[in-house]
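Bear in mind that the values in this text are calculations on the coordinates, not laboratory data. A quick note: this is a predicted structure, and the numbers were derived from the prediction, not measured. In this analysis, Cβ positions are derived from the backbone assuming ideal geometry, glycine residues included, and neighbour counts consider all displayed protein chains.
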Amino acid sequence: MNENDETKGIRVTIEDLEEGTSETKVIWNDYLLIAAGDRYLANVNAHGNGTHVLTVKRDLGAVSS
């Protein structure tokens, strides 16, 4: 079956509540990181065996509301 076959996988819809915009994506054999607020992707380590380590940090300088 085709890797881009949209009958497999999961459909994720994200809505930005401040902007009122949304986006939908179908993913299969992949991953999706969603960071919100003062969280951000700080680093990605990709190992030769296919393992990825994602480091998510908190921006201590961000203003919380």
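The figures follow:
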| quantity | calculated |
| --- | --- |
| Count of segment 17-29 residues which are under 22 Å from Leu54 (Cα atoms) and either surrounded by 10 or more Cβ atoms within 10 Å (Cβ to Cβ) or among the hydroxyl-bearing types (Ser, Thr, Tyr) (or both) | 4 |
| When residues of segment 30-65 are limited to those that are in contact with a strand residue (DSSP E or B) (Cβ under 8 Å, 6 or more places away or on another chain) and among the small types (Gly, Ala, Ser), the one surrounded by the most Cβ atoms within 10 Å (Cβ to Cβ) | Ala35 |
